[in-house]
Amino acid sequence: MKAAAVPASRTRPGPAPAMPFAIIPQNLGDWPPVWWVGCHGGAGTSTLARLVGFGVDFGSKGWPLVTPAMPPTHVVLVCRASAAGTWAATGAIEQWRSTPGMHSLTKVLGVVAVAASPRKPPRIATERLQLLRGWAPEVWRVGWVDALLAADDPRDVGASPDVEALRTTIWKKVGATREGKR
C-alpha cells in the first residue's frame, strides 16, 4: 500500500487551539518552582518532570488557574516536535500573549519541544519552532532517547545532556525570578 503524499502547499489548520484553565490541587504543600504543562496529550511532561527532578507535572490539563492572591506560576510548556505538537504550542503561546492579565499571574519560562521520533522533525514543525522563538521567552529542544521506550521509570535511564542543560537553565531562571532579577 502506497503512503499518501504530503500536499505541496500547507495551510494552517484553522485557529491555533487555546488551552483550558485547570484548578490547582489543594494538596501541593509548598508552591512548586515550575509547572510542567503539556500543550497536548503525550507531550512528555511526566518524563521531563521526573528527569529534571523539580516542579509539578500538570500534564495536559491546561493552564494552572491562578488568582491574584496566589503566587505567580512559572510554567514550562511542553510539546512534541511534530506538526500537531508545535501547532498546539503555537496556540498556547498565542493565548498567553493575548489574554489580558495572564502575564502577571503566569510567567512562561519557555517551550520545550521533545523529539517525536529519532528522525529529523518535519519541516513544518521546524518552521513553527522558529516562529515560537520570536514569541516565547525560550525554546528548547530535547532529542530522542530510545532507551526511554523500555524504561518503567525514566530516572532509570538518566537525564540526557539536553535534559541536563534544560534543568540548569530553568533552575537559574526560577532562582533569578524569585530574587526579583531577570
- prompt: Helix 161-178 versus the longest principal axis of the chain: what is the Cα-based angle in degrees, 0 to 90, to the nearest 10?
  reply: 30
message: Given a 1.4 angstrom probe, I'd like the percentage of the accessible area of the chain that is carbon and sulfur, rounded to a whole number.
response: 56
message: Using alpha carbons only, how many angstrom separate the centre of the range 19-52 from the centre of the range 109-182?
response: 15
- request: Could you work out the local net charge near Arg167, counting Lys and Arg as +1, Asp and Glu as -1, over the other residues with Cβ closer than 15 Å to its Cβ?
  value: +1
query: What dipole magnitude, in Debye to the nearest 20, does the chain give about its Cα centre under +1 on Lys/Arg Cβ and -1 on Asp/Glu Cβ?
result: 680
- request: May I ask you to give the average projected area over all directions of the convex hull of the Cα atoms of the chain, in nm² rounded to one decimal?
  value: 12.3
- request: From the C-alpha gyration tensor of the range 77-177, pull out the three semi-axes of the equivalent ellipsoid (sqrt of 5λ each), sorted largest to smallest, in whole Å.
  value: 25, 19, 11
- line: Non-local residues with an amide H under 5 Å from the amide H of Val114, with H modelled 1.01 Å from N and Pro and chain starts lacking one, are Cys79, Arg80, Ala81, Val142
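Can you tell me the accessible area per residue over the chain, all protein chains present, probe 1.4 angstrom, in square angstrom?
Per residue, the chain has 55 Å² of solvent-accessible surface.
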message: Modelling each spin label as a point 7 Å along the Cα-to-Cβ direction, I'd like the Met102/Trp135 distance in nm, to one decimal.
response: 0.9
Residue of Leu65, Leu166, Leu109 that the Gaussian network model of the chain assigns the largest fluctuation, springs spanning Cα pairs under 10 Å: Leu65
statement: Residue-ordered couplings for the range 119-132, obtained by feeding phi - 60° into the Karplus form 6.51 cos²θ - 1.76 cosθ + 1.60 and rounding to whole Hz (Gly and Pro as x), are 7, 4, x, x, 4, 4, 5, 4, 5, 5, 5, 5, 4, 4
field: Gain in span if fully extended, Thr67 to Asn27, counting 0.36 nm per residue against the direct Cα distance
entry: 12.7 nm
query: Per residue of the chain, what 222 nm ellipticity follows from adding -39500 (n - 2.57) for every DSSP H run with n ≥ 4, rounded to the nearest 500?
result: -10500 deg cm²/dmol
- prompt: Within straight cross-link reach of Lys173, meaning Cα distance under 16 Å, which aspartates and glutamates are found once same-chain residues fewer than 8 apart are removed?
  reply: Glu138, Glu164
query: Pick from Lys107, Lys172, Lys61: which is most flexible by mean-square fluctuation in a GNM of the chain where alpha carbon atoms under 10 Å apart are linked?
result: Lys172
- line: Out of Arg141, Arg50, Arg119, a Gaussian network model of the chain with alpha-carbon springs under 10 Å gives the largest mean-square fluctuation to Arg119
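The values are calculated or read from the model by the stated rules, or taken from the named source; none is laboratory data. What you see is a predicted model; the values in this text were computed from it and never measured. Using ideal geometry, Cβ is built from the backbone for each residue, glycine included, and neighbour counts are taken over all protein chains shown. SASA here: full protein model, heavy atoms, side chains in, ligands and nucleic acids out. Shrake-Rupley method; radii C 1.70, N 1.55, O 1.52, S 1.80 Å.
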